[in-house]
1. Taking residue 363, is it in contact with a Gly (Cβ under 9 Å, 6 or more places away or on another chain), crowded, with 24+ Cβ neighbours inside 10 Å and closer than 28 Å to residue 53 by Cα?
2. Hey, does region 477-490 have a residue that's out of contact with any Ser or Thr (no Cβ under 9 Å at 6 or more places or on another chain), at pLDDT 80 or above, surrounded by 17 or more Cβ atoms within 10 Å (Cβ to Cβ) and in a helix (DSSP H, G or I)?
3. Show the residue pairs meeting these rules: Cβ distance below 6 Å; 6+ apart or different chains; first residue within region 79-96 and under 15 Å from residue 20 (Cα atoms); second residue buried (at least 20 other Cβ atoms within 10 Å of the Cβ) and not aliphatic (A, V, I, L, M).
4. Condition test on residue 230, is it crowded, with 17+ Cβ neighbours inside 10 Å and at pLDDT 80 or above?
5. All but one of (1) under 29 Å from residue 270 (Cβ atoms); (2) surrounded by 24 or more Cβ atoms within 10 Å (Cβ to Cβ); (3) touching a Ser or Thr at 6+ places or on another chain (Cβ under 8 Å) hold for residue 57; state the number of the condition that does not hold.
6. Within region 318-338, can one find any residue that is aliphatic (A, V, I, L, M), closer than 25 Å to residue 531 by Cα and over 17 Å from the mean Cα position of the chain (by Cα)?
7. Would you call residue 350 at pLDDT below 85, assigned to a helix (DSSP H, G or I) and out of contact with any helix residue (DSSP H, G or I) (no Cβ under 9 Å at 6 or more places or on another chain)?
8. Answer yes or no: is there a residue in region 325-333 that is under 25 Å from residue 537 (Cβ atoms) and part of a helix (DSSP H, G or I).
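The values are calculated or read from the model by the stated rules, or taken from the named source; none is laboratory data. It should be emphasised that the depicted structure is a prediction, and the values quoted were computed from it without experimental measurement. Please note: Cβ atoms are built from the backbone with ideal geometry, for glycine as well, and neighbour counts cover all protein chains shown.
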Amino acid sequence: MGAPEHPDSPARVGWGALAVLAAAQFVMVLDSSVMNVSISQIVADLDTTIQGVQLAITAYTLVMAAMMLAGAKLGDILGRDRAFALGLGIYGVGSLTTALSPNLGVLLVGWSLIEGLGAALVIPAIVSLIAATYQGAQRALAFGIIGGVAGAAVAAGPLIGGWVTTELSWRYVFAAETAIVIGILLVRRRVVRAGPVANPPRLDLAGVALSAAGLGLIVYGILMSSEWGLIEPRGALTVGGTEITPFGFSVVPFLMLAGFALLAAFATWEERLERLGRDTLLDRTLLRIPTLRAGLATLTMQQLTLLGTFFVLPVYLQLVLGLDAFETGKRLFPMSVAMFVAALAGPRLAAGFAPKRVAQAGLVTIAVAAAVLLGTIDVELDEGTFGLALALFGVGAGLLLSQLGNVVMSSVAPEKTNEAGGLQGTAQNLGASLGTALIGAVLIAALTSGFVQRVEANPEIPAPVREELVAAVSGGVEVTTVDAVEEAVVAGGATPAQATAIAADYGEAQLDGLRRAIGAVAVFALLGLWFTRRLPGRALTAAAPEAARAGGPPRAGSAGTAPAAGA
């Protein structure tokens with residue numbers, strides 16, 4: 001960060017490049033927040049389920065996590081600016097496909113796959129272009145602005161998406177994204193052009209396949225654990241009418257073990273390429289940098305808690321309280337505003353207290369917020385306490401957003417910023433995938449077990465009805481409204497009195513599941529403290545990267561840190 005000013009410095013380029021990158025950043029973040037607050041409307045419009053939308057959300061972030069290293073490497077091959085433009089073009093096609101989706105399958109292709117692939121090119125390019133364009137304090141400011149834009153998108157997303165979804169349709173948001181992407185592409189010449197790439201590396205296709213498949217199997221296993229069971233089969237993967245239960249166990253642990261085996265094979269393959277002097281997908285020496293590892297791990301935990309919470313809260317607000325998308329966005333607004341403010345204030349705090357302390361304060365604040373939130377999950381909303389809990393959560397998330405991006409980018413040499421951007425994007429989206437999958441799995445597992453226990457203990461439900469119902473839901477309970485459950489039970493032949501008793505049991509189990517999911521957020525936030533141990537204990541300065549790469553502590557100073565670019 002202390003290198004002499006180069007020809008493409010801000011003095012020559014100005015801040016037009018940052019404006020273009022910030023616009024792209026805004027679209028990337030807005031996308032996910034819109035999908036979360038529009039859950040109920042998407043379920044109704046596409047005739048799908050909450051679990052189906054959960055799959056789409058998880059798959060979107062999983063595709064990004066799995067392909068982010070490849071996206072970063074393509075930035076080295078094609079050039080950062082070309083990768084940025086190509087990724088935006090792909091993303092725009094995905095947005096248009098999503099807007100026109102007639103069913104969940106097309107939504108998965110348009111949003112989860114095509115947009116995810118586009119974002120895997122764009123996000124590392126944003127980070128790398130900032131690092132290549134701006135130097136010293138201007139780079140820290142640029143990262144700060146990008147982080148503030150991410151916070152603004154989080155703040156605006158629930159309101160924009162909620163209003164458009166309620167008044168028009170969620171489809172208009174994705175159509176508007178397509179138009180914005182076209183506008184960015186038309187003005188992208190303001191982005192610094194890196195020129196032709198000298199001696200571009202080759203893309204390690206085998207490494208891409210191994211890493212993507214490994215990550216995919218692990219996250220998919222976690223996602224399906226609520227339906228198939230984590231160890232003991234609750235339901236089962238069924239192929240051609242045959243249930244797959246290896247040795248009498250759920251297929252989930254075998255999927256996860258296969259995923260870890262593929263990641264081990266990826267590491268072995270990369271080591272072999274290094275020995276042969278061939279181009280690798282990942283420079284594994286980067287992972288030996290303590291501050292980089294700490295930054296990536298903490299970033300994963302940040303996204304896990306953030307996206308897990310953003311999945312659970314709309315479910316509570318819309319299915320339990322019956323709010324529409326716009327009202328949901330309004331209730332989430334305190335979190336979004338607090339996140340935005342804290343993300344902008346974080347760099348100044350880090351100058352006095354260091355990134356490590358600010359990140360730790362953020363995780364503790366999230367845990368406290370989750371504890372406060374636990375007391376508000378009920379059939380009647382305590383507006384004041386709920387708003388306070390969300391504001392606290394926003395402060396915690398914003399403090400984390402303000403630190404980790406610059407910690408990661410300051411840990412590597414300038415020529416490695418593309419790969420660092422890929423690792424940062426992988427950590428962010430792997431955390432997001434795990435957050436939606438894990439917290440969603442906790443919710444569904446707790447809902448299923450709680451509902452079964454209540455039904456079995458309810459004397460108002462005759463024994464034959466209990467047995468039939470328990471057998472029907474043992475594979476997993478759909479997340480829906482209490483009224484929908486009552487109507488379905490009546491349609492299944494139960495008397496009105498029995499249906500009312502069953503629906504009441506479901507409502508209590510649903511609240512308990514939501515509470516457990518929020519409790520899991522608090523646990524993961526506290527676990528995240530373990531990964532902050534090697535974050536910089538002093539404020540980052542121009543000399544910090546060299547010290548960090550050497551494994552030593554960064555020197556004290558006043559440069560501060562900046563928000564993560566892909567948050």
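1. Values: in contact with a Gly (Cβ under 9 Å, 6 or more places away or on another chain): yes; crowded, with 24+ Cβ neighbours inside 10 Å: yes; closer than 28 Å to residue 53 by Cα: yes.
Taking the combined requirement at face value, the residue satisfies it.
2. Looking through region 477-490, at least one residue is out of contact with any Ser or Thr (no Cβ under 9 Å at 6 or more places or on another chain), at pLDDT 80 or above, surrounded by 17 or more Cβ atoms within 10 Å (Cβ to Cβ) and in a helix (DSSP H, G or I).
3. 80/128; 83/75; 87/118
4. Values: crowded, with 17+ Cβ neighbours inside 10 Å: yes; at pLDDT 80 or above: no.
So residue 230 does not fit the description; no.
5. Checking residue 57 against (1) under 29 Å from residue 270 (Cβ atoms); (2) surrounded by 24 or more Cβ atoms within 10 Å (Cβ to Cβ); (3) touching a Ser or Thr at 6+ places or on another chain (Cβ under 8 Å), the one that fails is (1).
6. As a first pass, look at region 318-338 and keep what is aliphatic (A, V, I, L, M): 319-321, 323, 325, 332, 335, 337-338.
Then keep just the ones that are closer than 25 Å to residue 531 by Cα; that gives 335, 338.
From what is left, the residues that are over 17 Å from the mean Cα position of the chain (by Cα) are 338.
Yes: region 318-338 contains one or more residues that are aliphatic (A, V, I, L, M), closer than 25 Å to residue 531 by Cα and over 17 Å from the mean Cα position of the chain (by Cα).
7. Working: at pLDDT below 85: yes; assigned to a helix (DSSP H, G or I): yes; out of contact with any helix residue (DSSP H, G or I) (no Cβ under 9 Å at 6 or more places or on another chain): no.
Judged against the criteria, residue 350 is not a match.
8. Taking region 325-333 first, the residues under 25 Å from residue 537 (Cβ atoms) are none.
Scanning region 325-333, I find no residue that is under 25 Å from residue 537 (Cβ atoms) and part of a helix (DSSP H, G or I), so the answer is no.
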